Every structure is written in C-alpha cells, then in structure tokens.
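Remarks on the structure that follows.
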Amino acid sequence: MENFQKTLICPLNWGLGHATRCVPIIRGLVAEGNEVVIAADGYPLQFLHQEFPELRIIELPSYPIRYSKGKSQVFVMLRFLPKLYKGIKREHEWLDHLLQSEHFDTIISDNRFGLWNKSLHTIYMTHQLMIKMPKGLRWLEPVAYRFHRHFITKYDECWIPDFAEDGGLSGDLSHKYPLTVNAKFIGILSRFSGYENVEPDNTYKTVIILSGVEPQRSIFEQEMLNKYRDVNEKTLVILGKPTENSDIKIEKAVSIVTHLDTKKMASVLLGCSTIISRSGYTTIMDLQTLNVLHKAILYPTPGQTEQEYLADYIHSKGLV
C-alpha cells in the first residue's frame, strides 16, 4: 500500500460493518505515509470520524434502503432495484465531478458499485461475489452473480476479505463461482487486529451487539431488551449508534450504551461468557479475530439471505 499516496476510502452505509472493516486498511495506509480521505454517510461516517478524527471526511450518500418488518425482504429488494440503479449512476457522476477539482491516486470502494474511473487506480472490496437468493428464487443466483460481476470487472482490483482455503469464513459467497481476473483474497479484516491481548473486562456475562438496517435493528433491540431485562445476570447492549451520547443507561440488569471504542469493546467481548449478534460477515470476522466466535449466538436478520446462509455455514464449520 506504500504506493497508494492519496487514497479515497468509501464504505457503504448498510450497518456499520462496511466501515469497521475499513479500519485496518486506513491504519495501514496512514502508517505508511499515505494521505487518506474518507467518503461516507450516516453512522459509518460518524464511526470513522471518531476512529480517525485527524482525517478529512466527505459526505457521500449511500443507496437508501429500509427493510420490511416481516420475515421476508423479497418485495423490499425488488422495489429497491430502481433506487439502486439510480444510486450507482449518481455516485459514479459524483466521483467524476470530484476528480475534476481534486486529484486522487487510488479509491477503495467497499461494496459501492459506481466508484470506478479510468483516471485513477480503483479497488472494489466485497466478500459477496455471489448473492444468495431466497427459496423459490435460487434459479436467479447465476443472474445476480453476473450482474455483480459486471460492476466488479469495471474496477482495477477486487479485494475479498477472506481466506482462499477451505471455503474461508464466507463459504459460497466468495468461493462458489470462479474469481474475476482482477480478484484476490486478502485475508480477513477487523478493527480488532492488535487488540487480541487487551485486559478482559469480566463485568458482563452477556454482550449484545446491535447493527444493521432499520427497522430490523430496532426490532432486534426490543426483543433482546425484553428477553434480558429481568435476567439476574449483568448484560451489556451495544446499540451501534456512534453519533449519539455514549453514557450508559441502566434498565434492571441490563446496561445500554450507544457505542464503544475499539479497545473497550474488545475488552468486554474477551471478558464475557456469551455474545449475541446478527450474523453479519464483518461481525464474524471481528469475533474470529478476537478468538471469541465460539461464544457467539448468531441471529440472522429475518429475510436477509446472506446472514441466514452465514449463520448456517459458520455453525456447520463448528466455529460457534
């Protein structure tokens, strides 16, 4: 990465995962003397600003999506497709306009389809080369793969945050289909790299990590609060809202905090007995990095086929 010089980092805003897994990349670039600029929005923007307050931030809107309250997201995603197409076109034009007034050597796009440009070196990062479809629509998976491949091949490189061997942590998502010629596995990425040996905080028996697209994030929050509020063992709920006040709120045996910095969060995850979270891929990488994945109880977001697959896949490998 020493030759990247001036780099624009652009994570997608569908939960915090796309932003948090950019942390080790940003750390590496900065350590090697590169100039880094972050383009993001929402909680990812706030999170990365807290992690790297010295870096310049540009607001770049993501594709607007809101999940269904029910157990299927099929119709939500079908209705979302026109907005996705417009969002890709809009961010591609945004980059063209930015490059007219400012020079960058490299751009790293975490799952943003439209950020390629021939005037600089472009890198697309994803763990999901194929898109898992719900039952009854599995026949569309090759079509979705070709759609995704169309955008991947517009970039100079495609980075896959996983291991190439034995299906890695992502299984079919990045191993089922042949890689594009520009793709390579780069190993797992986690903001907790380097924090594996911090002093464990044994205050809480259970730690609940919340993140993801609304309203499912809030629904999961309420379910967990209802379940653990009257349990006579200390529980910590991390809301995944880095923009809000981080003071701890107490509800009976449950402590609620909007956000924790990386070191503190590593400490409580290392010290607790049980971790409850969604089965998002970045969360799985984080827990594996801290060697606490075996403590996890994974709850896929209802109707989110990627998370449903990952929960089953990680369980089948005996990691939880």
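Here are the numbers:
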{"quantity": "Extreme residue, farthest from P300 (Cα to Cα), among residues of the range 102-135 that are among the charged types (D, E, K, R) and more than 15 Å from the chain's Cα centre (by Cα)", "calculated": "E102"}
{"quantity": "Residue in the range 171-188 that is among the hydroxyl-bearing types (S, T, Y), outside the structural domain of P11 (by TED's automatic domain parsing) and surrounded by 18 or more Cβ atoms within 10 Å (Cβ to Cβ) present", "calculated": "no"}
{"quantity": "Residue pairs meeting the criteria (Cβ under 9 Å; at least 6 apart or on separate chains; first on the phi > 0 side of the Ramachandran plot, in the range 103-121; second assigned to a strand (DSSP E or B))", "calculated": "N111/P11; N111/Y124; N111/M125"}
{"quantity": "Any pair with Cβ under 6 angstrom, 6 or more apart, that starts in the range 304-320 at a residue that is on the phi > 0 side of the Ramachandran plot and ends at one that is in a loop (DSSP other than H, G, I, E, B)", "calculated": "none"}
{"quantity": "Residue list for the range 135-162, restricted to those being assigned to a loop (DSSP other than H, G, I, E, B) and either under 11 Å from Y124 (Cβ atoms) or polar (S, T, N, Q) (or both)", "calculated": "T153, K154, Y155, D156"}
{"quantity": "The range 132-156 residues that are within 30 Å of D105 (Cβ to Cβ) and touching a residue at least 60 places away in the same chain (Cβ under 8 Å), paired with ones that are of a type outside the set (D, E, K, R) and not in a loop (DSSP other than H, G, I, E, B) (beta carbon under 8 Å, 6 or more apart)", "calculated": "F151/I88; F151/Y124"}
{"quantity": "Strands (runs of 3 or more DSSP E) wholly inside the range 1-83 that include at least 2 residues being surrounded by fewer than 22 Cβ atoms within 10 Å (Cβ to Cβ) and either charged (D, E, K, R) or at pLDDT below 75 (or both)", "calculated": "56-59"}
{"quantity": "Residue match in the range 98-109 (condition: of a type in the set (D, E, K, R), within 18 Å of Y63 (Cβ to Cβ) and modelled with pLDDT of 95 or more)", "calculated": "no"}
{"quantity": "Qualifying residue in the range 223-232 (condition: out of contact with any strand residue (DSSP E or B) (no Cβ under 7 Å at 6 or more places or on another chain), surrounded by 13 or more Cβ atoms within 10 Å (Cβ to Cβ), of a type in the set (D, E, K, R) and assigned by TED's automatic domain parsing to the domain that holds W116)", "calculated": "no"}
{"quantity": "Residue ranges of helices (runs of 4 or more DSSP H) in the range 210-320 with at least 2 members hydroxyl-bearing (S, T, Y) and more than 26 Å from L129 (Cα to Cα)", "calculated": "216-228, 262-271"}
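The values are calculated or read from the model by the stated rules, or taken from the named source; none is laboratory data. Just so it is clear, the model here is predicted, and its values are computed rather than measured. Cβ atoms come from the backbone with ideal geometry, glycine included; neighbour counts cover every protein chain shown.
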